[in-house]
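A short write-up of the structure that comes next.
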Amino acid sequence: MAYLCDPAATREVVARFGLHPQKRYGQNFLIDVSVPRQLIEGAGITEADTVLEIGPGIGTLTQLLAESARQVVAVEIDSHLLPVLAETLSAYQNVTVLHQDILKTDICTLADTYSPGRPLQVAANLPYYITTPILLRLLEGHLPITRITVMIQKEVADRMAAGPGNKDYGALSLAVQYYAEVKTICQVPPSAFIPQPGVDSCVISLRLRKTPPVEVQDEAAFMRLIRAAFGQRRKTLANALNSASFDRGAVEGALAEMDLDPRIRGEALTLEQFAGLSDRL
Ligand code: SAM
């Protein structure tokens, strides 16, 4: 059976099913076969793995995942794509397509059903309009997932990998680095998709940590603190936290205890310093 991952096969399927790629669902279909191959190799997917794919589209990445993994569970929101997937994936017995919104899917139950006793790998060419909510949900949920390998906007990948002092450093960098080790697999130009997105893309791998790099007493409070710290970037850290209802005196006291300038900005603090601040508050 022919792979979809070339421009002619993709155009043929899109035309035959009368599809109009939906911007509101972030539909940009892959047409360069080297990209899913690098994604699968970078993820280290083997015949022992059950893979959760988010947004299979017309089944391009799904076909290649099905050939590498034990099983693929693909969650797709757009009902127009279900008849397409029924055809393009008909040769694969190890694929299940679920018609759901990934932001509402109960991933623990999904894992128990399709991969009992074994954690999942996540692989996807993500819908860019919800990259951050999807990744934060997967990371913060303490789900049975070992690794997340996904195509995202390059700009978001830069934010994830950024450190203190960098213009891209913020709440997303800290949250991602707390939960996972971030690695870039490859850069991807707009020409690898139909239709072409208006931004450069990147495949990244997030290997979930067994233990976080810093200890915090209350993880939810720590996440609230880093969100509040970067909520208003132009403000000093004390002012930003004060606007988010943290007690000014307590914040200034904690900064003094940590030998930090009371006028310091959030982007100057390391993950360790945010952990120290969170425990003190
Ligand atoms: N995997 C295909 C590929 O690489 O060609 C399509 C990727 S496309 C960038 C994103 C896919 O995610 C689309 O199929 C879109 O319909 C789907 N999608 C968008 N929002 C979703 C959601 N909330 N839950 C599940 N799938 C979603």
(message) Restricting to segment 159-188, name every residue that is of a type in the set (Asp, Glu) and modelled with pLDDT under 95.
(response) ASP168
(request) Could you grab the pairs with beta carbons closer than 9 Å, sequence gap of 6+ or different chains, first residue in segment 83-101 and closer than 23 Å to GLU47 by Cα, second one of a type in the set (Gly, Ala, Ser) and surrounded by fewer than 19 Cβ atoms within 10 Å (Cβ to Cβ)? (result) VAL97/ALA86
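Evaluate segment 3-26: report whether one residue or more is more than 21 Å from the chain's Cα centre (by Cα), among the hydroxyl-bearing types (Ser, Thr, Tyr) and open to solvent by less than 10 Å² (accessible area, probe 1.4 Å).
Applying the first criterion (more than 21 Å from the chain's Cα centre (by Cα)) to segment 3-26 yields 3-21.
Now drop any that are not among the hydroxyl-bearing types (Ser, Thr, Tyr), which leaves 3, 10.
Checking the rest, the ones that are also open to solvent by less than 10 Å² (accessible area, probe 1.4 Å) come to 10.
Yes - at least one qualifying residue is present in segment 3-26.
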(message) Looking at VAL84, VAL35, VAL75 in this structure, which one is more than 19 Å from SER205 (Cβ to Cβ), near the ligand (Cβ under 9 Å from one of its atoms) and open to solvent by less than 20 Å² (accessible area, probe 1.4 Å)?
(response) VAL75
(message) Could you check segment 224-281 and list, in sequence order, the residues that are in contact (Cβ under 8 Å) with a residue 60 or more places away in the chain and over 23 Å from LYS167 (Cα atoms)?
(response) ASP279, LEU281
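Is one or more of the residues making up segment 201-214 open to solvent by less than 20 Å² (accessible area, probe 1.4 Å) and without any contact (Cβ under 8 Å) to a residue 24 or more places away in the chain?
Pass one, segment 201-214, residues open to solvent by less than 20 Å² (accessible area, probe 1.4 Å): 201-206, 214.
Right, trim to without any contact (Cβ under 8 Å) to a residue 24 or more places away in the chain and you get none.
Looking for residues that are open to solvent by less than 20 Å² (accessible area, probe 1.4 Å) and without any contact (Cβ under 8 Å) to a residue 24 or more places away in the chain, one finds none in segment 201-214, hence no.
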(message) Can you pull out every residue in segment 164-182 that is in contact (Cβ under 8 Å) with a residue 40 or more places away in the chain and touching a Leu at 6+ places or on another chain (Cβ under 9 Å)?
(response) PRO164, LEU172, LEU174, ALA175, VAL176, GLN177, TYR178, TYR179, ALA180
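The values are calculated or read from the model by the stated rules, or taken from the named source; none is laboratory data. What you see is a predicted model, and the numbers here were worked out from it, not measured in a lab. Because the Cβ atoms are built from the backbone with ideal geometry, glycine has one as well, and the counts that use them run over all protein chains shown. Keep in mind that these areas ignore ligands, DNA and RNA; they rest on the heavy atoms of the full protein, side chains included. Shrake-Rupley method; radii C 1.70, N 1.55, O 1.52, S 1.80 Å.
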